[in-house]
1. Put a dot 7 Å past each Cα toward the Cβ at residue 43 and residue 22; how far apart are the dots in nm?
2. The list (i) 1.14; (ii) 1.20; (iii) 1.27 gives values of Cα Rg over 2.2 N^0.38 Å, and only one came from this structure; which label was calculated from it?
3. Please work out how much length the chain gains when fully extended from residue 14 to residue 85, using 0.36 nm per residue of separation minus the C-alpha to C-alpha distance, in nm with one decimal.
4. Take the Cβ-Cβ distance between residue 93 and residue 133 as r, set R0 to 35 Å, and report the resulting FRET efficiency rounded to the nearest 0.05.
5. Find how much the distance from residue 36 to residue 106 grows on full extension, using 0.36 nm per residue of separation minus their present alpha carbon separation; answer in nm with one decimal.
6. If packing is taken as the average count of other Cβ atoms within 10 Å, what order do 91-102, 48-59 fall into, highest mean first?
7. Can you tell me the order of 11-18, 40-47 when each peptide is scored by its average per-residue count of other Cβ atoms within 10 angstrom, highest first?
């Protein structure tokens with residue numbers, strides 16, 4: 001099979017990471033229509049990786065499927081680790097708390113953007129599970 005090229009999809013995924021992180025940090029919405037817009041953007045975040053999986057599965061490109069799996073796993077594992085560190089650092093300096101919060105914003109951008117932490121975690125899980133699915 002011909003190898004597929006995925007740079008546009010990975011660029012879109014990276015752009016969505018940046019967009020969701022920036023929106024989550026700059027415009028945290030507690031309620032109202034703004035929160036629903038941010039939630040919709042967080043859901044759209046997961047479209048590029050699913051498109052990568054769909055194309056990779058059609059092309060039988062296991063390396064791309066593994067790459068999406070490992071990027072997704074890294075995000076989930078780093079999010080869990082940073083959440084624990086963030087809770088443990090409650091008594092430490094404010095600078096440490098800000099640094100951990102910034103790192104958390106980067107690795108868990110869709111969660112920060114939507115403020116519905118369960119929904120993006122569920123979608124990360126679905127994405128990871130989908131990488132193990134056979135045609």
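Bear in mind that the values in this text are calculations on the coordinates, not laboratory data. From a predicted model like this one, the values you see are computed outputs, not experimental measurements. Neighbour counts are summed over all protein chains in view; Cβ atoms, including those assigned to glycine, are modelled from backbone coordinates with ideal geometry.
1. Taking the two extended label points, one gets 2.3 nm.
2. (i)
3. Details: separation 71, 0.36 × 71 = 25.56 nm, distance 2.50 nm.
Extending this stretch completely gives an extra 23.1 nm.
4. Values: r = 45 Å, r/R0 = 1.29.
For R0 = 35 Å, the calculated efficiency reads 0.20.
5. Numbers: separation 70, 0.36 × 70 = 25.20 nm, distance 2.07 nm.
Once the chain is fully extended between residue 36 and residue 106, it gains 23.1 nm.
6. 48-59, 91-102
7. Working: 11-18: 15.0, 40-47: 17.4.
My ranking of the peptides, most packed first, is 40-47, 11-18.
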